[in-house]
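Before any comments, here is the structure.
The values are calculated or read from the model by the stated rules, or taken from the named source; none is laboratory data. What you are looking at is a predicted structure, and each value in this text was computed from that prediction instead of being measured. Please note: Cβ atoms are built from the backbone with ideal geometry, for glycine as well, and neighbour counts cover all protein chains shown. To get the accessible areas, we keep the full protein, side chains included, count just its heavy atoms, and leave off ligands, DNA and RNA. Shrake-Rupley method; radii C 1.70, N 1.55, O 1.52, S 1.80 Å.
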Amino acid sequence: MSETRSDGELLRAVAADADRRAFEELYRRYAPWLRARLRGRCADPSVVDDVVQETFLAVWRGKARYREDGDVAGWLWRIGSRRLVDALRGDGARGRLRQALARLRHRDEASAEERVLAGVEHGDLAGALVRLSPELRAVLQATVIDGLTTREAAVLLGIPPGTVKTRAMRARKQLREALA
């Protein structure tokens with residue numbers, strides 16, 4: 001019976017020795033989580049599956065380097081979210097149309113991230129976030145929570161970069177007013 005290795009041990013084994021078993025364990029540990037998180041951003045399951053595969057291929061091939069000073073899930077999310085932006089950018093107008101239709105179809109259903117944002121229990125922040133429009137919350141989520149650049153958020157949300165900046169500014173202003 002083998003003992004469970006830490007994320008850091010798995011990543012070191014993959015990077016140093018191309019340890020296939022370590023890679024498989026890392027994949028089993030994080031691929032379902034990454035897939036579920038990406039599905040909140042993209043309605044096309046085939047794109048999500050491709051992005052998950054590309055993310056783990058980058059880890060296997062050593063193109064993504066883990067610095068051992070952060071959370072492995074967060075590191076994988078950064079790789080995956082950037083890969084998703086690249087995939088959506090390559091899909092062009094057809095991808096944006098598919099995303100828009102998916103948002104219309106599911107607009108009454110709150111995503112996991114929206115439920116987390118709504119459930120924040122730090123004073124009035126939860127109420128202030130809930131009162132933001134879905135468009136403003138989406139921009140805050142992409143730029144603040146997911147750490148995407150304005151340009152990446154624009155591609156992900158299917159809106160111009162200037163609109164991302166304007167919405168982020170409006171969201172911050174509304175939050176400041178609500179929390180003052």
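Points to keep in mind about this one:
- Scanning the stretch 60-74 for residues that are on the phi < 0 side of the Ramachandran plot and at pLDDT below 85 turns up R61, K63, A64, R65, Y66, R67, D69, G70, D71, V72, A73, G74.
- Flag if R21 is farther than 23 Å from D86 by Cβ, open to solvent by 40 Å² or more (accessible area, probe 1.4 Å) and in a helix (DSSP H, G or I): yes
- For the residues K173, K165, the requirement of being in a helix (DSSP H, G or I), in contact with a Ser or Thr (Cβ under 9 Å, 6 or more places away or on another chain), farther than 19 Å from G40 by Cα and modelled with pLDDT of 85 or more singles out K165.
- Every pair of residues 6+ apart whose Cβ atoms lie under 8 Å, when the first sits in the stretch 4-17 and is within 11 Å of V72 (Cα to Cα) while the second is aromatic (F, W, Y) and in a helix (DSSP H, G or I): L10/F23
- Checked against (1) part of a helix (DSSP H, G or I); (2) modelled with pLDDT of 70 or more, G147 passes all but a single condition, namely (1).
- When residues of the stretch 35-66 are limited to those that are touching a Phe, Trp or Tyr at 6+ places or on another chain (Cβ under 7 Å) and without any contact (Cβ under 8 Å) to a residue 60 or more places away in the chain, the one surrounded by the most Cβ atoms within 10 Å (Cβ to Cβ): F56
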